[in-house]
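Before any comments, here is the structure.
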Amino acid sequence: MSIPKPGRVVLLASAAAAVVVAASVAVIGPADAASTLGASAAQTGRYFGAAIAAGKLGDGTYTGILNREFNSVTPENEMKWDATEPSQGRFTFTNGDRILNQGISMGAKIRGHALLWHQQQPSWAQGLSGSALRNAAINHVTQVATHYKGKIYAWDVVNEAFADGGSGGRRDSNLQRTGNDWIEAAFRAARAADPAAKLCYNDYNTDGVNAKSTGVYNMVRDFKSRGVPIDCVGFQSHLGTSIPGDYQANLQRFADLGVEVQITELDVAQGGNQANVYAAVTRACMAVSRCGGITVWGIRDSDSWRTGENPLLFDSSGNKKAAYTSVLNALNAGGPTNPTTPPTTVPTTPPTTSPTSNPPSGACAASITLNSWNGGYVANIRVTAGSAAVNGWTVTVALPSGSAVTNTWSATNSATTGTVSFRNVSYNGQIPAGGNAEFGFQGTGAGPTATPTCSAG
Ligand code: XIL
């Protein structure tokens, strides 16, 4: 999206050198150690971001850490409804643009946050209801997404729309009272305004398998089955002193629906376990190939919205805390490469996931994981190289009659029904010996039952 600054070029050159050294001694294993959060995450195609505030960009300690460590930014408040449309139809993007330009200057991804939310609405919107509010909300989505068109990596289109507690249902709000379809209307408007942005649903207390996260899961599955545009789910992860034991399993079940998962607002109460909880969250994201990245909700403890809890990676003077080191180590330990966000600025390192089969030298094999529901499915396919590297691959899948491909990611398909060939895209055609690549598709009807075949070259 932007031309890297000179400082960043030096960083990339040294990362490239480290990869060459590793290759010359034929080390295939964890990603090579990097010394900053962003560079380390980038080695597996992920980002490591921070929520930032426009009012702090003049603080040299703050921007020093920001420029050094992070390759994604989220506006902490500057793109919310009250900030961007303070009176109806009058849009102000000054502070949002400051965040955007800071991100562009860093060569970072920019997460947009948040188009619709029951909090931080301008007072004029709080006073509306019914079709007047619905129309105003959809216009807001359209205008803001259009202003930032082509510049946002992922938008939190809807924030915190599910109720806490055991109902698994929607939260009551003025937006919810305009009709249960307000969320899908917002996603469709966002897609129409900025087709390149990934569109996320974002929430809190959805960090383990529970009634609330299952409510979100059912909505995402329904959206996927009906073709409502949704690309990602954000897990805020404002954590206390522990992490749900099924945190990774929860991320994985969403990933298996064919959406990217992202940790969007991570902060962890200070206490004996802070570094361990941070490490566990990072390891979980690294273990889920469709986990695109992690954002912490602030830089220094003194920047946090959780006043007095010291929940961040840097102390109030800007020094690295133990939690910082535990996160960096977990990133450097590597994991399967993220298939949807190929690293474009740092050479890819060999994936560390074990092959699922042992194809002969020069050949490839494919295995399929299906997630089906009544009337549709998502298929995730892993392509594994044998004892020699593969340069280009084609996976052939036989679809049962009545089944049709509706959406493919990380590959291109030759047809939508019958015998369908999936060809690699530019960034995942080359697979190192013993390594793997992943792609997927969504279909209607029943999913394939036969094992796919793979041909290399
Ligand atoms: C918080 C900001 O950090 C504060 O500065 C602001 O006063 C309130 O909002 N979930 C979200 C974020 O999605 O937007 C919230 O950010 C924190 C909870």
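Nothing in this text is a laboratory measurement; each read-out follows from the coordinates by a stated rule. Given the structure is predicted, the values throughout are model-derived calculations rather than measurements. Neighbour counts are summed over all protein chains in view; Cβ atoms, including those assigned to glycine, are modelled from backbone coordinates with ideal geometry.
What to note about this one:
- Distance between the pseudo-spin-label points of Gln126 and Thr419 (7 Å out from Cα toward the beta carbon): 6.4 nm.
- Relative protection proxy for 441-450, 413-422, from highest mean packing down: 441-450, 413-422 (other beta-carbon atoms within 10 angstrom).
- Theoretical FRET efficiency, 1/(1+(r/R0)^6), r = Cβ-Cβ of Ser367 and Ser35, R0 35 Å, to 0.05: 0.45
- Dipole in debye (nearest 20) - the chain, about Cα centre, beta carbon charges: Lys, Arg +1; Asp, Glu -1: 680 debye
- Computed E for Asn391/Asn329 - FRET, C-beta separation, R0 41 angstrom, nearest 0.05: 0.75
- Amide N of segment 172-189 lying under 20 Å from the label point, which is placed 7 angstrom from the Cα of Asn135 along Cα→Cβ: 174-189
- Sequence ranges 140-146, 216-222, 46-52, ranked by mean other-Cβ count within 10 angstrom, highest first: 46-52, 140-146, 216-222
- Using a simple spin-label model with pseudo-atoms 7 Å out from Cα toward Cβ, Gln430 and Ser455 lie 2.4 nm apart.
- Excluding same-chain neighbours fewer than eight residues apart, the lysines reachable from Lys198 by a Cα-Cα span under 22 Å are Lys80, Lys109, Lys149, Lys151, Lys224.
- Inter-site label distance for Thr412 and Thr241 at 7 Å from Cα along Cβ, in nm: 5.6 nm
- Pairwise centroid distance, computed over Cα atoms, of segment 124-146 with segment 253-272, Å: 29 Å
- Length-normalised contact order for the chain - Cα pairs under 8 Å, 6+ apart - percent: 14 percent
- Loop trypsin sites (Lys or Arg not before Pro), segment 149-190, which have at most 14 other Cβ atoms in a 10 Å radius of their Cβ (DSSP): Lys149
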